[in-house]
Amino acid sequence: EIGKFADERKVNAYIIGGFVRDLIIGRKNFDVDIVIEGDATVFAKELAKRFGAKVHTYERFKTATVVFKGGKRIDFASARTEVYRAPGALPEVDMAPLKKDLMRRDFTINTLAIKINEKEFGKLIDFFGGLKDIKDKKIRVLHSLSFVEDPTRILRALRFATRYRFELGKHTERLLKIAVQRKLFKTVEGQRIYHELKQIFLEDNPLRVMNKLEKYRIISSLFPSISWDRFKKDLFERIRKVIIWHKLNFPEKETKYHILYFGALFLREPLNRVEKYIKELAVPQKEAELLFQILKNSLPLIKKVRLAGKNSEVYELLQNLPEEFLLFLAALPQDEETRNRVLNYLKSWRFIKPLVNGEDLKSMGLKPGPVFKKILSKLKYAIIDGELPNDREEQLTRAK
Ligand code: CTP
């Protein structure tokens, strides 16, 4: 449909980047990026009008996002058609705007495009040998200055290599090593590093990416005081398992899973040093607070959970904590019983409600007030502690 629309407007349109890469590799990807050889903002506005969709445009970058009914989003970008040429310069053959656009990208595997205009629909465009590199399972940069232009690509290279089980190309690996040696990370804004670390931590297996970063001495280059030791590796693996469990049981909860890994990375560092790292990375306020809460309180708290007597005491310790904090506690190395306490809280205790409610208390002749809350929470604790069965009659009797 979008291809037809592009035909009407007499512009070329291509799906590019990650979507095409993942289509060929056979991995799910729902982020569609379309490049228009022309002005994408005008195109997106007209398209949205035609389909009754919403559109956000960013004139400065000539990009737009169209949100269709049902929530499907598609991003549009402009491949610039204008050509700057010095006066009196020799005439040159214009390079396709699409090619210029793709040339600025990080790795060959990300430079594939598929034309979607009706007459050449589905035509694969491969200026830089991306298809071959996918077949060869290689991550390769397009040119020697790629890591210098953007050192965050060092992190991206190892993230993609891990995700697809690809190798770095020989030349690319050499360039990466040189870039690390020259400490090019120092030239990058902290928030961009944070963004890429977050992307790593949102992968299925961050531990494997981290081991690769360690191999190239990138962790100590980013965080000189942190050693990538057995304890951290084990914790990363435990966090991975807890996240799998959590996604299965609470798929609808929006959880900032990456914060758990940042917590593991910084655990046992002196807090003032962590503060310095957090500042350098420009971690967003809310995430910074959550991270700090985890680093400061999780070890003391898990000890209290271990030493608590009754289940209801555990409940009191854990209630109202952020989901990420609870998951971090569940992932900490500890004895079976303590871990089960945290898991039981996550799975069931926090959802327990007495079968008696305020109405019942009223009909017993009680006046609504703070006493209601007290009675109901006593009932709840009794259920959690296994002293009261899940039986309305018995609970009513206890309430009385
Ligand atoms: N890109 C780049 N240099 C960067 C970041 C991105 O050249 N530092 C390019 C890449 O070619 C990439 C595109 O911008 O294809 C979009 O990047 P991103 O949003 O990270 O998407 P994906 O490549 O799809 O990665 P992912 O599958 O992790 O979302």
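Structure values in brief
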{"item": "Subset of the range 1-22 [touching a residue at least 12 places away in the same chain (Cβ under 8 Å), farther than 16 Å from Leu102 by Cβ and within 16 Å of the ligand (Cβ to nearest atom)]", "result": "none"}
{"item": "Residues of the range 274-317 satisfying the condition of being part of a helix (DSSP H, G or I), without any contact (Cβ under 8 Å) to a residue 60 or more places away in the chain and small (Gly, Ala, Ser)", "result": "Ala288, Ser298"}
{"item": "Residue identified as within 11 Å of the ligand (Cβ to nearest atom) and either open to solvent by 70 Å² or more (accessible area, probe 1.4 Å) or over 30 Å from Leu98 (Cα atoms) (or both) among Arg217, Arg192", "result": "Arg192"}
{"item": "Filter result (more than 16 Å from the ligand (Cβ to nearest atom) and in a helix (DSSP H, G or I)) within the range 28-45", "result": "Thr41, Val42, Phe43, Ala44, Lys45"}
{"item": "Every residue from the range 346-386 that is in a loop (DSSP other than H, G, I, E, B), without any contact (Cβ under 8 Å) to a residue 24 or more places away in the chain and not aliphatic (A, V, I, L, M)", "result": "Ser348, Asn357, Gly365, Lys367, Pro368, Gly369"}
{"item": "Residue selected from the range 99-114 under the condition outside any helix (DSSP H, G or I) and open to solvent by 20 Å² or more (accessible area, probe 1.4 Å), by the criterion nearest to the ligand (Cβ to nearest atom)", "result": "Arg105"}
{"item": "Qualifying positions in the range 115-126 - free of Cβ contacts under 8 Å to residues at least 24 places away in the same chain and assigned to a loop (DSSP other than H, G, I, E, B)", "result": "Gly122, Lys123, Asp126"}
{"item": "Among residues of the range 13-27, those that are modelled with pLDDT of 95 or more and either in a loop (DSSP other than H, G, I, E, B) or over 30 Å from Phe166 (Cα atoms) (or both), counted", "result": "2"}
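Here is a yes/no grid of residues against (1) more than 10 Å from the ligand (Cβ to nearest atom); (2) aliphatic (A, V, I, L, M); (3) open to solvent by 10 Å² or more (accessible area, probe 1.4 Å); (4) not in a helix (DSSP H, G or I):
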| residue | (1), (2), (3), (4) |
| --- | --- |
| Val148 | yes, yes, yes, no |
| Arg153 | no, no, yes, no |
| Leu158 | yes, yes, no, no |
| Thr162 | yes, no, no, no |
| His171 | yes, no, yes, no |
| Ile178 | yes, yes, yes, no |
| Lys186 | yes, no, yes, no |
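The values are calculated or read from the model by the stated rules, or taken from the named source; none is laboratory data. Please read these numbers as outputs of a predicted model, since none were measured by experiment. Don't worry about glycine lacking a Cβ; one is built from the backbone with ideal geometry, like all the others, and counts go over all protein chains shown. Accessible surface areas use protein heavy atoms only, side chains included; no ligands, DNA or RNA. Shrake-Rupley method; radii C 1.70, N 1.55, O 1.52, S 1.80 Å.
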